[in-house]
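Below is one structure, written out as structure tokens; comments come after it.
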Amino acid sequence: MKPIILVVEDEAAIVTLLRYNLEKEGFEVLEAKDGEEGLTILAERPVDLVLLDWMLPFLSGIEVCRQIRRRPETRNVPIIILTARGEEGDRVRGLNAGADDYVPKPFSPAEIIARIRAVLRRARPAIADERLRVGDVEMDLAEFKVTRGSRPVALGPTEFRLLRFLMEHPGRVFSRDQLINAVWGHDAYVDERTVDVHIRRLRKALNGEGEDDLIRTVRAAGYALEATRNAA
Ligand code: CA
């Protein structure tokens, strides 16, 4: 799965530059011209990282950053703030609002891609590996095998994709809509109950007798995979 980068930026020339370079590096790019549009996309699509301009019409980048951090289904999405301002105080304000990194304009495409990769590596350490590991669950992507502890876990293709996606983003809460878009595809006609059915099957296969339930149901938000099960 290609990592998805959401670019929230009102300057078309910068969006074009970023899209060209990010796509060349194997990322999928989504665009929003202002903060509202960005928040709407985030509610629907499983975005891996947000490139967020500081100076936006209507909602400022800082306010958008705060709102992303307040919502359970977007709380852990990595954010890099782009800004024309170069002052140290702005950098601190950006990081305080919950941004993971801060890149002053003008930037070179190579620099921004290096920063994106660094932030993604921290957020998704498993992304480059052939094996995913969360807690005692291990997924072998080459052989399509899953084990929990030493026990093999038999999964159907949909449950496998669902678990893979959750394992690539441990701890992150995804809404049913985000899971549909990630696992079934953006154009698929799948209703939210279908997600619940597959989550139920995944739980049944993954959680053996006496084992913790690793999938957390977040009321009114969605689902997350936890390395260790906390009280929901
Ligand atoms: Ca701007």
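Before we move on, is residue 159 at pLDDT 90 or above, touching a helix residue (DSSP H, G or I) at 6+ places or on another chain (Cβ under 8 Å) and assigned to a helix (DSSP H, G or I)?
Criteria met by residue 159.
To keep it simple, each residue is scored yes or no on (1) over 25 Å from residue 223 (Cα atoms); (2) of a type in the set (Lys, Arg); (3) more than 15 Å from the chain's Cα centre (by Cα).
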{"position": "5", "(1), (2), (3)": "no, no, no"}
{"position": "11", "(1), (2), (3)": "yes, no, yes"}
{"position": "19", "(1), (2), (3)": "yes, yes, yes"}
{"position": "23", "(1), (2), (3)": "yes, no, yes"}
{"position": "30", "(1), (2), (3)": "no, no, no"}
{"position": "36", "(1), (2), (3)": "no, no, yes"}
{"position": "40", "(1), (2), (3)": "no, no, no"}
{"position": "43", "(1), (2), (3)": "no, no, no"}
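I'd like to verify a number: residues in segment 165-180 that are assigned to a helix (DSSP H, G or I) and either touching a Ser or Thr at 6+ places or on another chain (Cβ under 8 Å) or surrounded by 20 or more Cβ atoms within 10 Å (Cβ to Cβ) (or both), how many?
In the first step, residues of segment 165-180 are kept if they are assigned to a helix (DSSP H, G or I); the result is 165-168, 176-180.
Applying the additional criterion that residues be either touching a Ser or Thr at 6+ places or on another chain (Cβ under 8 Å) or surrounded by 20 or more Cβ atoms within 10 Å (Cβ to Cβ) (or both) yields 166-168, 178-180.
Within segment 165-180, residues that are assigned to a helix (DSSP H, G or I) and either touching a Ser or Thr at 6+ places or on another chain (Cβ under 8 Å) or surrounded by 20 or more Cβ atoms within 10 Å (Cβ to Cβ) (or both) number 6.
Any chance segment 125-132 includes a residue that's within 25 Å of residue 201 (Cβ to Cβ) and at pLDDT 80 or above?
yes
In segment 8-27, which residues are within 11 Å of the ligand (Cβ to nearest atom) and touching a residue at least 24 places away in the same chain (Cβ under 8 Å)?
Residues satisfying the conditions are 8, 9, 10, 11, 14.
For segment 28-57, which residues satisfy the criterion of being of a type in the set (Lys, Arg) and more than 11 Å from the ligand (Cβ to nearest atom)?
Matches in segment 28-57: 45 only.
Residues that are more than 22 Å from residue 117 (Cβ to Cβ): list the helices (runs of 4 or more DSSP H) wholly contained in segment 1-89 that include at least 3 such residues.
35-44, 61-70
The values are calculated or read from the model by the stated rules, or taken from the named source; none is laboratory data. None of these values were measured; they are calculated from a predicted model. No Cβ is skipped: glycine too gets one built from the backbone with ideal geometry, and neighbour counts run over all protein chains shown.
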